[in-house]
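Working notes for the structure below.
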C-alpha cells in the first residue's frame, strides 16, 4: 500500500510538472490583465520544435532552448496583437493555438512521418535520490524548487511584479504614475510564454521522448482552469495542479488492477478532468478577476 | 417655502402636483441634502442648477426611488407617496433619464422599449413596434424602430431613453445633465424636443444642468441648490445668468482669509502653457495660455465642463495636445507623456482618486507606484524600505491605515491623504491638484487644504483645479477662469471678487 501511495505521489509530481509550469505562465500573464488562450498552442509548439531540434542536433538542451525561442516568438506575436493592436484577446489567443497546432502537425508530417516513421530522442532520465517520490526529471525539480518560488518572488516581491499587478488592476492609474503599461504587459506576456514553453518542452524532451499528434491533449486548458481555480494565488494554483495530478496518477494505477479491467479506460481517463470541473464549480464562483482583465489599454 | 409657493401663482405651468418637502439625506458624515423642499408641475420645464456635489442628483434619485431620504416626504396631489423603487416612481408617473443610459446595446429600439413597457408573458413585438411608431410621431421624437441601439449615435440613444420613459406613462420626466454627452447640434434638437414635450404633451420636465445658455433658453422656473440646500427658486425670466452663477457659487463669506504674502513675485514661472489646443468632439482646449510661479497657487475656476478636465489630463500626460507648448523650468516638453512630465518635476493629484490608485494593492505599494524603481535594489523590491517610507508617510500625513492594508478598504479622506503623500514625497516642482476635497468631510477637507498651503510655502508651484469656488478663493494667489475651453481671464486672488469671477464664469468679459 505504501508502495502504491509513493508511486502515485511520484507520478503525480511528473504529471503536475507541465501543468504547474503552464499555469504559472498564465498566472503571470493574467496578473497583467491579459488572458492568453494561446497557452495550449505555445505548449504544442515548443513540444514539437523542442524535440525536432533535439533530434536534428542530438542535444536535448538545444531542443529546450529552441522550445524557449518558440515560446518567446509566439508570446511576442500575441503581445503585439493584443497590447499594441488591441485585438480581442479571445480571438488572438485561440487563433494562436489553432495556428501553432496545425503548423506543427504539418511540419511533423513533412519532416518526420512522411515515410511512416516517428521522431524519437533519448529523453532525459529521472535522477533517483531514493524511492519513487524522489526519482524525478531535473525539470520537475527545477519547476518546484526554482520556477514556483521565482514566480512568487517575481509577482509579489519584485519591482516588475508590482508594476504587473498595477497594470492588471488599474492601467489608467499605473500610466499616470509613469509606469509603461504596454512595456509591462509585453514583459509579462513573454515571461508567461517562456514558462508555458518550458511546460510543453518537458513533455517531449523528458516525459515521452517522441512527438505524436495531440500530444498536449488539453493540458494548456487545464492549466488555464487551474489559474481560475487558484484565484490567482500560487498556493491554491499548486493545490489544483496536485488534485488533477493525483487523480490522474491514481487512475493510471487503477487501470493496472485486475478488478478494473472491465471498466472502459476512457471513464478512468476522464476522472482528472471531472475533478477539475468539480473543483472549478466549487471554487470558481465570485472569483476576484484582475480589475483590467481582458481590457486593452489606450490613452484618451 | 413661502417664496416657492408664491411663485406658484405666477408660473405658466399647471398647479403644483408633486411636493417634495423637507427632504434630508446624509451619506456618512457628508450631508448631501438638508431640509430641501421643491414642487413640480406639469407643462413646465423646471431647471435644477448647482455645482457638482450640491445635491441635485441625490434629490432626483430620491424622487425616482433609487435612494431613500433620511427624513422628509413626497406628496402627489396631497397624498403621501412611498417611493421605494423606480417601479413605484413610474407608477406615480415619474420617469427619469440618467447620465448612463439603461439600454441593452445589442437589442433593437423596439426590443428595448418592450423590455420597459411589456407587461404580458407572451411578447407581441409587432404591437410594441406600432406603439413605438405612434408615440414617436406623437411626441416628435423620431427614432428608427428596428435599429440596434449600439449602432445609434448617442443623441438618438438618448431619444430612445426619453421615449421609453414617456411610453411607460410618465407625466414628469427627470433629465440628469442630458446635454453633457451631446454635441452642439444634438443639444439644439434636444432642447426643441423638451420644449415640445412641455407645450404639447403637458409633461413636467426637470432639467438638471449647469449650462446657463440652455437654462435661459428653455427653463420656465429655476431652482438653485448649493451645498444641499435650495438657495433660490424663481421664475426663469425674472433672473439673469449672472445672478444664477452668484447663487450657485455662493455669497462672499464673512471673515478675511489669512494668507501669507506670496513668495512668487518677480520669480520666473516654472510651468508655462502657451497656446495649447486640444481638439475634441465635445469640449477640448482652445488656445490655453497659463503660467505658474514657484511658491504660488494658481486656482482654476469655471463652471464644470469648460475644459478643466482636459487641462488636468494634458498635464498628467493622458491626453495629448494638438498644438501649443508646455514648458517646465524653461524647457519645452517634446511630448506630454506621463514619464516626461514626471521627469520634468510635475506631480499630479487626479480628480478621481479611485482612478489614481490601484484598489487591490496595499497602501505601501500604492505609495511607491510612481517610483517603483527607487524602491528596488536591482530588481528585488525593498519591502523594508517601502514599509519605512509608508510608515513615515502615515505619521506625517495623519493617514488612518496600516501600511499593508488593501487600499480599496480606506475611507475617501484617507485615500486622498495617501495620494497626496505620494505626490509630495516626490518633492515636485509643480503640483497639479484637481478636486482635492470632493466628497471629503470637514476635517479631512481642512487638512487637505492645509497641505496645499504648506506646499506653496515650500516653494512648489501649485495649479489647483476645483469646482468649489470657496476653496479656490481661500487658497489661490491668482484665479484663472475657464470658459468654453479657454482661460477667459486671470484675477488676482487677494482682491478677487465673486462678482467679477462669476461674470467670467458666465463668459462675460468687460
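What follows draws every value from the coordinates through simple rules; no lab data is involved. Note that this is a predicted model, so its numbers are computed, not measured. In this analysis, Cβ positions are derived from the backbone assuming ideal geometry, glycine residues included, and neighbour counts consider all displayed protein chains.
Annotations
- Separation of the residue A:133 and residue B:91 label points, Cα + 7 Å toward Cβ, nm: 6.7 nm
- Packing-based exposure ordering (other Cβ within 10 Å, fewest first) of B:462, B:45: B:462, B:45
- Computed E for residue B:392/residue B:454 - FRET, C-beta separation, R0 22 angstrom, nearest 0.05: 0.85
- Potential lengthening between residue B:76 and residue B:400 on full extension [0.36 nm per residue; Cα-Cα distance subtracted]: 112.0 nm
- Between A:33, A:71, A:178, the residue with the greatest mean-square fluctuation in the GNM of chain A (Cα pairs under 10 Å linked by springs) is A:178.
- Angle between chain B longest axis and helix B:442-457 axis [Cα atoms, degrees, rounded to 10]: 40 degrees
- Calculation over all alpha carbon pairs of the stretch A:209-267 in 5 angstrom steps from 0 returns a P(r) of 4, 15, 18, 17, 19, 15, 9, 3, 0 percent.
- Rg and Dmax over the alpha-carbon atoms of the stretch B:99-169 stand at 11.0, 32 Å.
- Among the residues of A:162-174, the average count of other protein chain beta-carbon atoms within 10 Å of the residue beta-carbon is 6.
- Highest average packing first - B:482-489, B:397-404, Cβ atoms within 10 Å: B:482-489, B:397-404
- Sites residue A:146 and residue B:122, calculated FRET efficiency, Cβ-Cβ separation with R0 51 Å, nearest 0.05: 0.20
- With eigenvalues of the C-alpha gyration tensor scaled by 5 and rooted, chain A, Å: 32, 23, 18
- For the stretch B:432-475, the fraction of C-alpha pairs more than 11 angstrom apart is 65%.
- Using the Cβ-Cβ distance between residue A:85 and residue A:109 with R0 = 35 Å, the FRET efficiency computed as 1/(1 + (r/R0)^6) comes to roughly 0.65.
- Nearest-ten-degree value, helix B:154-167 long axis tilted from longest Cα axis of chain B: 40 degrees
- Rg then Dmax, both in Å and based on the Cα atoms of the stretch B:18-165: 17.5, 52.
- Note on chain B: Cα Rg divided by 2.2 N^0.38 Å, N the number of residues, gives 1.06.
- The mean number of Cβ atoms from other chains found within 10 Å of a Cβ in peptide B:310-322 is 2, as a whole number.
- All Cα pairs of the stretch B:353-426, percent lying beyond 20 Å: 20 percent
- P(r) weight above 16 Å for the stretch A:1-70, C-alpha pairs, percent: 61 percent
- Protection proxy ranking, highest mean first, for peptides B:294-302, B:142-150, B:16-24: B:294-302, B:16-24, B:142-150, where packing is the per-residue count of other beta-carbon atoms within 10 Å, averaged.
- Shape of the stretch B:142-220, Cα gyration tensor, a/c cut at 1.5: oblate
- Arranged from fewest to most other beta-carbon atoms within 10 Å of their beta carbon, B:386, A:196, A:100, B:107 become B:107, B:386, A:100, A:196.
- Folded to 0 to 90 degrees: helix A:148-157 orientation relative to chain A principal axis, Cα: 10 degrees
- For chain A, built as a Gaussian network whose Cα springs stay under 10 Å, the top-fluctuating residue of A:263, A:49, A:28: A:263
- Peptide B:351-363 is shielded by partner chain Cβ atoms: per residue, an average of 4 of them sit within 10 Å of its Cβ.
- According to the Cα-based calculation, Rg over Rh for the stretch B:287-411 is 1.01, with Rh computed by the Kirkwood formula.
- Peptides B:81-87, A:11-17, ordered by how many other C-beta atoms sit within 10 Å of their residues on average, highest first, read A:11-17, B:81-87.
- Fraction in percent of alpha-carbon pairs per bin - 10 Å, the protein assembly as shown: 2, 11, 17, 19, 18, 14, 10, 6, 2, 0, 0
- In a fully extended conformation the segment linking residue B:154 and residue B:275 would gain 40.5 nm over its present Cα-Cα distance, using 0.36 nm per residue.
- Anisotropy class of the stretch A:24-145 from Cα gyration tensor, a/c 1.5 cut: oblate
- Mean projection area, nm², convex hull over Cα of the stretch A:149-300: 11.6 nm²
- Hypothetical label at residue B:180: residues of the stretch B:290-306 whose amide nitrogen lies under 11 Å (7 Å Cα-Cβ projection): B:304-305
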